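Data block below; observations after.
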Amino acid sequence: MTDNARIIAIVGPTACGKTARGVALARALDGEIISADSRQVYRGMDVGTGKDLAEYGSDVAYHLIDVAPAGHKYNLFEYLRDARDALDDIRLRHRRPIVVGGTGMYVEALLNGIRLPEVPRNEALRKTLADKSLAELTEMLAAMKRLHNTTDVDSCARAIRAIEIETFYAENPQAAALAKAEGNPAENAMIIGLDIPRDERRRRISERMRRRFDDEHMLDEVRRLLASGIPPENLIYYGLEYKYLTRHAIGEITFDEMTSGLETAIHQFAKRQMTWFRGMERRGFHIEWLPYDMPAADFISAVKSLL
């Protein structure tokens with residue numbers, strides 16, 4: 001594997017500055033960004049997902065941002081398919097692939113070389129599950145697989161899709177056999193984690209949330225998405241900002257309930273992100289943790305010395 005073919009991955013919790021670090025490395029190392037954010041794939045969902053497209057400027061190419069319409073339920077299969085296409089394209093042009101994002105499941109699956117079969121909708125199964133509560137669906141899913149995190153049971157729609165996938169694997173063992181690691185994480189990538197103290201992380205999350213409301217008009221973005229015809233339940237499916245702002249926009253919760261609930265949810269989300277990355281380390285990935293607030297030049301030098 002040539003030096004430029006080796007992936008650099010920048011990971012860390014929300015609000016730690018991953019995009020800025022990735023862009024700086026891309027400029028320094030002749031690289032291109034592959035986003036590993038499960039919500040930045042959606043067009044029109046800009047403020048709530050923190051795309052920060054201005055940071056890329058006109059000189060840094062990025063992939064896997066704005067590749068699906070808002071309202072679509074983009075999944076891991078689609079991500080791995082599209083990310084591998086981007087990797088092949090970047091390497092063909094002898095440039096450096098830099099994976100940047102906080103969706104640990106996407107990062108880990110990509111670096112592990114996992115290849116998933118496409119799981120079709122099972123309308124008959126969905127009909128039998130339609131009236132079940134989230135608690136009932138969670139219990140069913142827990143009986144089918146080990147729940148590593150709460151993402152699959154964040155909503156009834158997510159839980160039903162997860163049950164649908166596990167049912168497909170149980171009925172199609174040959175397809176399930178494809179869902180395994182094919183790569184060697186140590187050879188495929190160098191992973192840089194942005195280390196941020198818990199209190200500073202919480203401060204930055206709260207500050208960013210206020211900025212998105214006051215300066216970036218995040219609530220207006222959600223109202224525009226609803227006015228475009230996207231059903232509220234589709235936006236709620238995406239969780240976090242889109243869940244709470246949509247519920248407020250349709251009159252389910254007050255503004256204060258929205259802001260307090262969202263802030264708590266984002267802090268919990270950041271904690272789950274770190275739990276995933278620590279789990280990756282236990283599963284054999286080496287993550288080199290660097291201070292989130294290193295001067296840019298020092299950060300680039302540190303990464304170059306690790307290559």
Note to self: Need one word for region 1-89: rounded, prolate or oblate. Basis is the Cα gyration tensor (sqrt eigenvalues a ≥ b ≥ c); a/c below 1.5 gives rounded, then a/b vs b/c decides.
What the structure shows: oblate
Note to self: Just to confirm a number: summing +1 for Lys and Arg and -1 for Asp and Glu over residues other than ARG203 whose beta-carbon lies under 14 angstrom from that of ARG203, what do you get?
What the structure shows: +2
Item checked: Whole-percent carbon and sulfur share, accessible surface of region 1-123, 1.4 Å -> 50
Note to self: Using a 1.4 Å probe on the protein heavy atoms only, what accessible surface does GLU263 show? Give it in Å² to the nearest 10.
What the structure shows: 60
Next item on the list: Using only protein heavy atoms and a 1.4 Å probe, report how much of TRP276 is accessible, in Å² to the nearest 10.
Entry: 50
Notebook entry, point to check: Given charges of +1 on the Cβ of Lys and Arg and -1 on the Cβ of Asp and Glu, with all other atoms neutral, how large is the dipole of region 187-299 about its Cα centre, in debye to the nearest 20?
Noted result: 340
Margin query: Residue by residue through region 275-285, what is 3J(HN,Hα) from phi via Karplus (6.51 cos²θ - 1.76 cosθ + 1.60, θ = phi - 60°)? Round to whole Hz and write x for glycine and proline.
Written below: 4, 5, 5, 5, x, 4, 4, 5, 8, x, 8
Notebook entry, point to check: Given H placed 1.01 Å from N in the peptide plane, which residues other than close sequence neighbours of GLU32 have an amide H under 5 Å from its amide H?
Noted result: ARG96, ILE98
Next item on the list: Could you tell me the distance between the Cα centroids of region 283-307 and region 92-150, to the nearest Å?
Entry: 29
Checklist line | Directionally averaged projected area (convex hull, Cα atoms, the chain), nm² | finding: 16.3
Notebook entry, point to check: Residues of the chain: accessible area per residue at 1.4 Å, in Å²?
Noted result: 48
Notebook entry, point to check: Of the accessible area of region 204-280, with the probe set at 1.4 angstrom, what percent is carbon plus sulfur?
Noted result: 48
Next item on the list: Give the total of Lys-Lys pairs in region 1-149 with Cα-Cα distances below 28 Å; include a pair only if its members are 8 or more places apart or on different chains.
Entry: 8
Margin query: Can you list residues from other chains, or at least 5 along the same chain, whose modelled amide H is less than 5 Å from the amide H of ILE191?
Written below: ALA9, GLU288
Notebook entry, point to check: To the nearest 10 Å², what's HIS63's accessible area with a 1.4 Å probe?
Noted result: 40
Notebook entry, point to check: In region 210-252, if every C-alpha pair distance is counted and binned at 5 Å from zero, what percent goes to each bin?
Noted result: 5, 26, 35, 22, 10, 2
Note to self: As I understand it, the dipole of the chain uses +1 on the Cβ of Lys and Arg and -1 on the Cβ of Asp and Glu, about the Cα centre. Which of PRO232, GLY50, TYR79 lies farthest toward its positive end?
What the structure shows: TYR79
Check: Mind listing the Cα extents of region 189-307 along all three principal axes, in Å, largest one first?
Finding: 52, 31, 27
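The values are calculated or read from the model by the stated rules, or taken from the named source; none is laboratory data. Just so it is clear, the structure is predicted and the values come from calculations on it, not from any experiment. All Cβ positions, even for glycine, are placed from backbone atoms using ideal geometry, and neighbour counts span all protein chains on display. Note: areas computed on protein heavy atoms with side chains; ligands, DNA, RNA excluded. Shrake-Rupley method; radii C 1.70, N 1.55, O 1.52, S 1.80 Å.
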